[in-house]
Amino acid sequence: MGVFSAFKDFLNNTSFHGLRFVAQEERHWSERVFWLVVCLVSWGASAKLMLASWDAFQNNAISFVVESTYLDWNTTFPTVSVCEEDNMERVYFMSAKIYGEDHDFNLDEVLKEISYFRGSAYYIKEFCFDGHVKCPQSGFTELARKIRSGCNDIFVDCRVNNVAFNCCDHFLPLETEIGTCFALNSQQGMRIRGKKDMLPILANRRSPKASVYLELRVQSNVHIHSPEDVPFLNSLSSEVFVAAPLIHKRFGIAVREIENEPGVRDTSTIQRKCRFLDENDLSVYRYYSYSACITQCRKEAQIRQCGCTTHLMPNAKPQEICSLEGLMCLYQHYTNFSVLKTSWSRKEGLYCNCVPSCTEPEYNIVTQESFGISYNTSRIELRLDRLPSERYKRNVVRGRLDMVVSMGGAAGLFVGASLLSFVELLYYFSLRMCRGSSDPDPDEDDKKDNKDRGGKGSALAVPVKQGAAVAPLAAVFVPPRPSPGLIGHYNSNLLLQDGQQGQLPAAAPLPPRQDTAPYSRF
């Protein structure tokens, strides 16, 4: 069967409404044109509705609502990370220990830039390439680890809800692009001896107050963030507190969390525009978060531009870490790596296609107090100002089932189709074309009838030689014809054919008349 025959067969027999009126040849051309136009309009309207359903499913599948049933909530206190900042006393002490008391003091500034590297390399540029200062050429990661303060050198006292605890048992090391920090209740932090040393701090109507008190020896930055987030170069200033000596700072925090409907996980990342913790394809951290994605993006940009990355980058391979020349390259392109920009911006900066975490809460500073103390330490007190009265919830408004129902309704309304109707397309142009049509051909039926009636070429026709006696043939039967003057009797039951002339021979004389009583119809 050819393609045109298959197409015509499909139009005549398909379950799509209206197409058979286009293919029927006995209809007037105006009728066929009318039905063709109607079918095209219906198919176009159906396709438009299907595309609208698909667009809504891809771009508007998720909605945010605000819940206010706050009496049943457990509010989690934010993760607290402490990151040391420019401890020159520690640098002087460690440089004297490593290079001796009589070393060049310009080397101290070089070691400071290496240990607390954030893109600045002024002293490295001035003193490490002219031969005046013998700068280290490698091993920057280990050098920074020796110079920066450890946990016991940073913390003096730690309390949760006025209950003291051992700081270094719960403030665990957290590798970041700004150096090693110590984080409380972070999912990204290192675990000690394989234990999950978490100290969950919950607030609810039975325990409405939650607070963390820290006393620190060194100048540090204190970050608050979600458990999956990490401190990074672009941390919001509203979430970073400077712990300065001789000052006690107290902050009141308001938390607004995000809850996800179970069906949100069944949607794609593009639809919900966020990622869950386990949907991670990053190499710098084991859980996904927005800050972790930015860190990964910055690492890849540094490798593309300079062929290496900073020695403070988490989980960086030894062959990826920059030498002094690499640090100079990072310094020269500092703006391209440190400033974030949008995809349509033309200014210098780093564009990263990162989506937020699906569980990332929002933190706001409600109150802030500061007063002096007589001790040469810094004190930071963080407390939950009040229980949240509302939270966001991410709901699925257009799931896969909604999309299927919407598309099926559009196809059924405009073209009268179902899923099996589309399967017919495959059948008619694959299997049916290969095996041919099984529908009877009217012309073949007429030929067959002619043969059955004993026409020329019939398999049942018996050739008769000229002049030969014709024997009765019971095999060929024709409808009976009554003899004249004899009601209810048959004169002849045979149809004979002359093999040469194609005409019936002369009729043979009738047999003697017999008693017809046994054959009477009555």
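The values are calculated or read from the model by the stated rules, or taken from the named source; none is laboratory data. Everything quoted here is computed from the prediction, not taken from an experiment. Glycine also receives a Cβ, built like all others from the backbone with ideal geometry; neighbour counts cover every protein chain displayed. Heavy atoms of the whole protein, side chains included, go into the accessibility calculation; ligands, DNA and RNA do not. Shrake-Rupley method; radii C 1.70, N 1.55, O 1.52, S 1.80 Å.
Antiparallel versus total DSSP beta bridges in the stretch 167-307: what percent is that, nearest 5?
On the way: 10 of 10 bridges.
Approximately 100 percent, going by the DSSP bridge assignments.
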**Accessible area of the stretch 88-156 divided out per residue, in Å², using a probe of 1.4 angstrom** = 54
**Request:** Under 16 Å Cα to Cα from residue 347, which aspartates and glutamates show up? Leave out anything in the same chain fewer than 8 places away.
**Result:** none
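Expressed as a rounded percentage, what relative contact order does the stretch 205-361 have, with Cα pairs under 8 Å and six or more residues apart? Kindly include the intermediate steps, with their values, before the conclusion.
Details: 177 pairs, mean separation 37.1, N = 157.
Across the stretch 205-361, relative contact order equals 24 percent.
Over its Cα atoms, what ratio of radius of gyration to 2.2 N^0.38 Å does the stretch 1-137 give? Mind dumping the intermediate values first?
On the way: Rg = 39.6 Å, N = 137, 2.2 N^0.38 = 14.3 Å.
Computed over Cα atoms of the stretch 1-137, the ratio equals 2.77.
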**Asked** Going by accessible area, probe 1.4 Å, with all protein chains left in place, what is the ranking of 163, 284, largest first?
**Response** 163, 284
**Item:** Inter-label distance, nm, simple model (7 Å from Cα along the C-beta direction), residue 250/residue 30
**Value:** 9.3
**Item:** Distance cut-off 25 Å, percentage of C-alpha pairs in the stretch 307-418 lying past it
**Value:** 67
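Distances over 17 Å make up what percent of all Cα-Cα pairs in the stretch 327-367? Don't jump to the answer; show the numbers that get you there.
On the way: 455 of 820 pairs.
In whole percent, the long-distance tail amounts to 55.
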**Asked** What do you reckon, how do 282, 246, 413, 107 stack up by accessible area (1.4 Å probe), largest on top?
**Response** 413, 246, 282, 107
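Ranked highest first by the average count of other Cβ atoms within 10 Å around their residues, in what order do 181-188, 346-353, 366-373 fall? Don't skip to the answer; put the middle values down first.
Details: 181-188: 23.8, 346-353: 12.5, 366-373: 10.1.
Averaged packing, sorted descending, gives the order 181-188, 346-353, 366-373.
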**Fill in**
Quick calc: nm separation of the 7 Å Cα→Cβ label points for residue 395 and residue 120 -> 5.1
**Item:** Table column - 3J(HN,Hα) (Hz), the stretch 271-288, Karplus curve with 6.51, -1.76, 1.60, x for Gly and Pro
**Value:** 6, 8, 6, 7, 10, 8, 4, 7, 8, 10, 10, 8, 9, 7, 9, 8, 10, 7
**Message:** So for the stretch 155-251, considering every pair of alpha-carbon atoms, how many percent are separated by more than 17 Å?
**Reply:** 56
**Request:** Starting from the Cα of residue 168, step 7 Å along the direction of its Cβ; do the same at residue 4; then give the gap between the two resulting points in nm.
**Result:** 9.1
**Fill in**
Reported to the nearest 10 Å², residue 391 has, with a 1.4 Å probe, an accessible area equal to 40
**Request:** Give the Debye-formula value of log10 I(q)/I(0) at each listed q (0.11, 0.12, 0.16, 0.19 Å⁻¹), with one equal scatterer per alpha carbon of the stretch 234-388, two decimals each.
**Result:** -0.66, -0.77, -1.08, -1.15
**Asked** In percent, what relative contact order does the stretch 301-437 have, based on Cα pairs under 8 Å that are 6 or more apart in sequence?
**Response** 10
**Request:** Would you compute the Debye intensity of the stretch 213-259 from its alpha-carbon atoms alone, equal scatterers and no solvent, and pass along log10 I(q)/I(0) at q = 0.22, 0.25, 0.28 Å⁻¹ to two decimals?
**Result:** -0.94, -1.12, -1.25
**Request:** Return the sequence-ordered ³J(HN,Hα) values of the stretch 114-127 in whole Hz as given by the Karplus equation 6.51 cos²θ - 1.76 cosθ + 1.60 applied to θ = phi - 60°, using x for Gly and Pro.
**Result:** 6, 6, 10, 5, 9, x, 7, 8, 5, 5, 5, 5, 7, 10
**FRET efficiency, residue 159 to residue 66 (Cβ-Cβ, R0 45 Å, nearest 0.05)** = 0.85
**Request:** Grab the eigenvalues of the alpha-carbon gyration tensor for the stretch 89-240, scale each by 5, take roots, and send me the semi-axes largest first in whole angstrom.
**Result:** 36, 16, 14
**Item:** Where N is the number of residues in the stretch 292-359, Cα Rg divided by 2.2 N^0.38 Å
**Value:** 1.16
**Message:** What does the net charge come to around residue 287 if you take all other residues with beta carbon closer than 9 Å to its beta carbon, with K and R at +1 and D and E at -1?
**Reply:** -1
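So what is the diffusion coefficient of the stretch 219-311 in µm² per second by Stokes-Einstein at 25 °C and 0.890 mPa s, using a Kirkwood Rh over Cα pairs? Could you put the intermediate results ahead of the total?
Numbers: Rh = 16.1 Å.
The diffusion coefficient I find is 152 µm²/s.
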